Every structure is written in C-alpha cells, then in structure tokens.
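All remarks here apply to the structure that follows.
The values are calculated or read from the model by the stated rules, or taken from the named source; none is laboratory data. Treat the numbers as computed from the prediction; the structure is a model and nothing was measured. Don't worry about glycine lacking a Cβ; one is built from the backbone with ideal geometry, like all the others, and counts go over all protein chains shown.
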Amino acid sequence: MIVDTHDVVIYCSRLIFGMSFVVFLFFASLVYADTGDGRTSSAAVPLAADTENGEAKSKACIACHGPEGISAQDNYPHLHGQRKTYLLRQMRNFRDGGDRKDPIMTPMLKNMSDQDLVDLAEYYSSFGKVLGSVESAENGNEDPMPSPATATSAASAVPAAAAVSEQGAAVEQSSAAQKAAACAACHGIDGRGTSPQFPNLTGQKAEYIAKQLKAFRDGSRQDPMMAPLAQSLSDGDIAELADYYAAMQ
Ligand code: HEC
Ligand code: HEC
C-alpha cells in the first residue's frame, strides 16, 4: 500500500491533538477535583454528623463557651441547645469571612473542616431547645442537618404571622412582651426559633443579645431579616428585649 506523506502528516497531527486533549482532560480533572479534606468542599449533600468528633473538637471551645456550651460569662453566648442549622451557618460565616466576622471566632475555626463544623453543630444542638439549660435535655432538637453549602445562605421564608398573633394573645403584654411581639414570627412567642434558621433566644446571655442587636443595627453583622428590625430599636428597646429573652425559661 502506498501511503501519501500528506496523509501521514494529517494522521500524526490528529493523533497528537487527540493525545494532548486526553492529557488536558486529565489535568483539568485534577484542578477541579475536591481536595478531599473537606476544607473547601461545598458539597450540596448533608454530611453525616459524628457527635463524638463534635465533643472532641468542643474541648477547644470550653474556655469561653463553657462545658457542653453552657457559658458562665455574660459576653460569651450559650451554644448548648442552639439550632443546628443556625450554628452551622454562623460557624461557616466566621470561618469563611461571610456576613459575620469576629476577631476571636474567625481564627478559632480557621483550620476546621466542613465535617468538623457539622459535628460541632450536631453536638451542641443535641442538648435541647432552652439555651444553657441542662433541664431541657429531653427536649430533642430534631432538625435534619443541612448541607454545609446551603447553610451559608440567609433564611428566606418568613413564617405566617397569623398563627403567631393567636399565640401572642395568650401572653401578658408587658412593655418588653409588646416589643417582642415583633420578633415572634421568627423567634417564637417562647423564644424558640420557629424554623431551623431562626436562632433560639430563650435563656441566652443578655449582654450577648444586646451586642448582636447593635451589630445588626450598625451593619457590622449582616442579615436581611434582622437589619430593618434592629434599625427600628433604640438602645432602651435593645436593653429591654435582651433582659426579656435572657430571663425566659
Ligand atoms: C476565646 C474565647 C472563645 C473561644 C475559645 C471560642 N469562642 Fe465562640 N464565641 C466567642 C465570642 C466572643 C462570640 C461572640 C462573637 C460576637 O459577638 O459576634 C462567640 C460566638 C460563637 C458562635 C455564635 C453563637 C450564636 O449564638 O450566634 C458560635 C457558633 C461559636 N462561637 C462557636 C465556637 C466553637 C465551636 C468554638 C470552639 C471550636 C468556639 N466558639 C470557641 C468566643 C470564643
Ligand atoms: C423575619 C424573621 C425575624 C424576625 C421578625 C426577627 N428576627 Fe432575629 N433573627 C432572624 C434570623 C434569620 C437570624 C439569624 C441571622 C444570621 O443567620 O446571622 C436572627 C438572629 C437574631 C439574633 C442573634 C442571635 C444569636 O445567637 O446571635 C438576635 C439576638 C435576634 N435575632 C433578636 C431578634 C429580636 C429581639 C427581634 C424582634 C425585635 C427579632 N430578632 C426579630 C430572623 C428574625
């Protein structure tokens, strides 16, 4: 068979192009591959939580948040009994420089993987729904664990107000309770978040609550739902609401 040199050249260049395409695909797959340590993974699938790892990691948190997340100091929030979806979102925000930053918390979580954060959220939320109270232990926090990726987005659905005003009618209307009526759709008439993204406030430290409301008001902590509400509060309103929720059982 007589082979034209021209055909050989075309054949070879196709072969070389084909091989370099394979090599390109190989390197491209390396670039886009997950690093495997979960640090930058944004898997949309929830990670299975390991409470034992959460407990082990929580040793680093005891100095400020107390054993089992029951804080003894007014400027450190209770984590014990907080909602897991909410906790996961806050920890991701601190770690990844989201809409909440803190000079203590950001370095604390800097080297934690998504898996560690899921495990810590599971551990602290496993205690119940009254912040800092061991007596609420039987009061399970049954929310499903969200995926670390979706836990970064702010809450989008505001609960219907009708059911809440019905609940509200039963509550004695002190000045603080009247102000707290504006919070009940999301934080519950009893200070327990009405959906997994809304944090529990019942029993939280007053000083910490007041600091957060001021942070939402001045924009140093950002949330599309909290910002407009906080902007309508005076320092006096904030102090009253903080004491009201802190004293709630
Ligand atoms: C040196 C003290 C200190 C240590 C240690 C510490 N934290 Fe914190 N943490 C804080 C402070 C202060 C805040 C409040 C920050 C603010 O005002 O926004 C906070 C806030 C938080 C919040 C937000 C709570 C809420 O209700 O929104 C979470 C979640 C949290 N910490 C988790 C942890 C975890 C998990 C660890 C251990 C890996 C840890 N912290 C270790 C001081 C600490
Ligand atoms: C429309 C729903 C909505 C209403 C109404 C609302 N909140 Fe919130 N609140 C949220 C959401 C969502 C967050 C969590 C924001 C985030 O993820 O950073 C939050 C967070 C907070 C926090 C921070 C808790 C923590 O542990 O750091 C405080 C304090 C708070 N709200 C108090 C109030 C008070 C007081 C009112 C009434 C004046 C109120 N909220 C009304 C949705 C609401």
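Brief remarks on what is shown
- When each of ALA206, ALA210, ALA184, ALA180 is tested for being within 9 Å of ligand 2 (Cβ to nearest atom), over 17 Å from the mean Cα position of the chain (by Cα) and within 19 Å of ARG83 (Cα to Cα), the lone residue that passes is ALA184.
- Flag if ALA180 is more than 14 Å from ligand 1 (Cβ to nearest atom) and touching an Asp or Glu at 6+ places or on another chain (Cβ under 6 Å): no
- Residue in region 74-84 that is closer than 18 Å to THR51 by Cβ, within 10 Å of ligand 2 (Cβ to nearest atom) and among the polar types (S, T, N, Q) present: yes
- The residues on offer are SER232, SER195, SER220, and the sole one that is touching a Pro at 6+ places or on another chain (Cβ under 7 Å), of a type in the set (Gly, Ala, Ser) and surrounded by fewer than 18 Cβ atoms within 10 Å (Cβ to Cβ) is SER195.
So that you can scan it fast, the table gives a plain yes or no per residue for (1) small (Gly, Ala, Ser); (2) assigned by TED's automatic domain parsing to the domain that holds PRO67; (3) without any contact (Cβ under 8 Å) to a residue 12 or more places away in the chain; (4) within 17 Å of GLN212 (Cα to Cα):
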site: TYR86; (1), (2), (3), (4): no, yes, no, yes
site: ASN93; (1), (2), (3), (4): no, yes, no, yes
site: ILE104; (1), (2), (3), (4): no, yes, no, yes
site: SER113; (1), (2), (3), (4): yes, yes, no, no
site: ASP119; (1), (2), (3), (4): no, yes, no, no
site: PHE127; (1), (2), (3), (4): no, yes, no, no
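- Within region 187-203, being within 6 Å of ligand 2 (Cβ to nearest atom) and touching a Cys at 6+ places or on another chain (Cβ under 7 Å) holds for one residue alone: PHE198.
- Residues that are touching a Cys at 6+ places or on another chain (Cβ under 9 Å) and under 12 Å from LEU120 (Cα atoms), drawn from region 67-95: GLY69, LEU79
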